[in-house]
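The values are calculated or read from the model by the stated rules, or taken from the named source; none is laboratory data. What you see is a predicted model; the values in this text were computed from it and never measured. We place every Cβ from the backbone using ideal geometry, glycine too, and count neighbours over all the protein chains shown. Ligands, DNA and RNA are excluded from the accessible area calculation, which covers all protein heavy atoms including side chains. Shrake-Rupley method; radii C 1.70, N 1.55, O 1.52, S 1.80 Å.
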Amino acid sequence: MKKLFSLLLTLAILAMGVCAMAEDLSAEELSELLCGDDSLVEIIEAAREEGELTVYGCCEEPYIAAATGRFQELTGITTHWQRLSTGEVQAKIAEENGNPSADIWFAGTSDPYNETSTTGLLTAYEAVNAKNLRDEMYRDPDGYWYGIYTGVMGFMVNNDELDRLGLEAPQDWDDLTKEEYKGLIWLSNPNTAGTAKVFINTLVQLKGHDAAMEYFVELDKNIAQYTKSGGGPSKNVGIGECVIGIGFLHDGVYQILQGYDNIGLIIPESGTGFEVGATAILEGCKHPNAAKLWIEFALSPECVELADDTGSYQFLVISNAEQPEAVTAFDINFDNVIDYDFEDAKANTTQYVNDFFNALGAAADDRFKTE
């Protein structure tokens, strides 16, 4: 309750437009706090000269609000944010074409970041705090993006509804194509959600391209709705509007902890994909030094440990940060996670999404939500 009250108070202050007061740290003190030495002093001083930062955020609003609020509090830099789905940010960056109205892209799965980096719309930066990453897989080799969390893809099911319908819960991808699940499954829209892109890449990597496209056609017969955001299915499982949701299981954990103990979490038996939630600097941004400082902040406990307090229960990839306590009670493990081919996803996600819609043809109808 104390955490909830603090979060609501923070959101209320932000909504009222009241700026958080900086902690009045010197550049040396702030550098020591963020990275343990004075490596960031010059960047901090230059960032404070710029005085502003704007963030496109793709996680849930409480986490974006808390992260940007903490950054402003620590640095004294006025920080604005806008919440968009990953696909919306990707489309917005492409439309702005090197003249972005934001400086930073924060959260959302890394496949769209990889696509965007190949078009020259992200800025490479070698972060000092990259030393905190648990593995090289959690960053772009050239510094175009850095990971802050990871999550496992699977199924979230409403056990009460399955019992009422006399159905067993699906245990693997192929189970989802059974006729008995017609109209019970929700997935996100690949045009707007990075989660759906990870889903497509996962099935291509598990089955091969052609077999995956055939699978999508069969699965589509059972899909009731393709939601705008990757978290859309999870938000409707507990209330029973969605009986089986495909997405990242930490979103299901959040719903269970909100009181929906009728939700079951399932990791597909034959293997599944995972996401790396990322952050990056936008090419042509107006506050490049503040953007670099954000990257250093995002790769520190000062940022990522806010996730647990704001209902974001992803596994952190920062070695010096504490994992969210809430998720430890759930049997979410990486035993069935595939060796996800990020290079294939980087090179081919756009084509695979096009192939997905071409395979569905006329079936790509008004079930695909964009609002």
Leaving out ligands and nucleic acids, note down the accessible area per residue over the stretch 62-103 with a 1.4 angstrom probe, in whole Å². 35
The chain - percent of accessible surface contributed by carbon and sulfur, probe 1.4 Å: 47
Given R₀ = 35 Å, what would the calculated FRET efficiency be for residue 136 paired with residue 358, taking r from the Cβ atoms and rounding to 0.05? 0.50
24 Å Cα-Cα threshold exceeded, pairs from 235/292; 92/197; 92/286; 131/228; 197/292; 292/369: 235/292; 131/228; 197/292; 292/369
Before rounding to the nearest 500, sum -39500 (n - 2.57) across all DSSP H runs of length at least 4 in the chain and divide by the residue total; then give [θ] at 222 nm in deg cm²/dmol. -12000 deg cm²/dmol
Which value in nm describes the separation of the simple spin-label points at residue 80 and residue 217, placed 7 Å from the Cα toward the beta carbon? 4.8
Chain lengthening between residue 366 and residue 172 when straightened (0.36 nm per residue, less Cα-Cα): 67.1 nm
Tell me which lysines have Cα within less than 16 Å of residue 178's Cα, excluding those fewer than 8 residues away on the same chain? 221
Rounded tilt (10° steps) of 288-298 against the dominant C-alpha axis of the chain: 60
List the residues whose amide H sits under 5 Å from the amide H of residue 223, counting only those 5 or more places along or on another chain, with H placed 1.01 Å from N in the peptide plane. 183
Just how many % of Cα pairs in the chain lie over 39 Å apart, if you round to the nearest whole percent? 15
Give me the one-decimal nm value for the distance between modelled label points at residue 49 and residue 179, 7 Å along each residue's Cα-to-Cβ direction. 7.1
